[in-house]
Amino acid sequence: MSRDDAVIWYVDVKRRAQDAAPAIRFADARKPLRLFAVMIGAASLAACAQSSVVSQRSQALASRPASIEATRAASSAPRTRVAAARRHTPYASRKTGDTKIASHGVASFYSEAQPTASGEKFDGRELTAAHPTLPFGTRLRVTDVKSGRSVTVRVNDRGPYVPGRIVDVSYSAAQSLGMVGKGVANVRLDVVQ
C-alpha cells in the first residue's frame, strides 16, 4: 500500500467514523431520554392519583359534619358506640336520683290483641310497653316532651319495628299521655327500675 493509498484509506475511515458517530450518539441518547420520559409519566400519574385521593378525603371530611347533623335530625334516638371488649349497656347513661335518663325519640301505641314476646297475653288496659332492647319487666317513665305528661310502664314486648321510633306503649298508657288522637308523640324515656 502506498502512502497515497494509506492517506485515502485513513480519510475514508475517518469519514465513515464521522458519519456513524451521530447515529451512535443519538442511539446512546435515546435510552436516557426514554428513561426520563418514563419517570415524568410515572410522576404525573402518581400526582394525579394522590390528588384524587386527597380530594376524596377532603370531600369526605367536609361532608362529615353535614351528614352527622342530617343523621341526628332524621333520627332523634341516640346511637351508642360499643367497644368490643365491653358489655353493651345502651341505657346506662347519667343518673338523676334513682332513675337513669335513657333516650329521647318518637313513641307510638298499639291496641290490637296479639301475643307478646315475653309470653304473657297482651292487655291494652295495662300500662305496658314494647322496647327493642331493655329486659322484660323493666319499668320506664315515658314523658311527653311537649305536654309534660308522664306514665310509668312495664316492658313486656319487643318493638317497635318502625325506623325512628323508640317505644310502643299500650292503649291505656297512650291515653294517659294524651297521644291517642295524634298516634305518635315525642317522648323522653327514663329507666325507673
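Taking the range 117-149, which residues are modelled with pLDDT of 90 or more, assigned to a loop (DSSP other than H, G, I, E, B) and of a type in the set (Gly, Ala, Ser)?
Scanning the range 117-149 gives Gly137, Ser147, Gly148.
For the range 110-149, what are the residues that are in contact with a helix residue (DSSP H, G or I) (Cβ under 8 Å, 6 or more places away or on another chain), over 17 Å from Val191 (Cβ atoms) and open to solvent by 10 Å² or more (accessible area, probe 1.4 Å)? Spell out the reasoning first.
If we filter the range 110-149 for residues that are in contact with a helix residue (DSSP H, G or I) (Cβ under 8 Å, 6 or more places away or on another chain), which is where we start, we get 110-111, 124-129, 142, 144, 147, 149.
Filter again for over 17 Å from Val191 (Cβ atoms), leaving 110-111, 124-126, 144, 147, 149.
Those that are in contact with a helix residue (DSSP H, G or I) (Cβ under 8 Å, 6 or more places away or on another chain), over 17 Å from Val191 (Cβ atoms) and open to solvent by 10 Å² or more (accessible area, probe 1.4 Å): Tyr110, Ser111, Gly124, Arg125, Glu126, Ser147, Arg149.
The values are calculated or read from the model by the stated rules, or taken from the named source; none is laboratory data. Quantities reported herein were computed from a predicted structural model and do not represent experimental measurements. Please note: Cβ atoms are built from the backbone with ideal geometry, for glycine as well, and neighbour counts cover all protein chains shown. Surface accessibility is based on the protein's heavy atoms, side chains included, excluding ligands, DNA and RNA. Shrake-Rupley method; radii C 1.70, N 1.55, O 1.52, S 1.80 Å.
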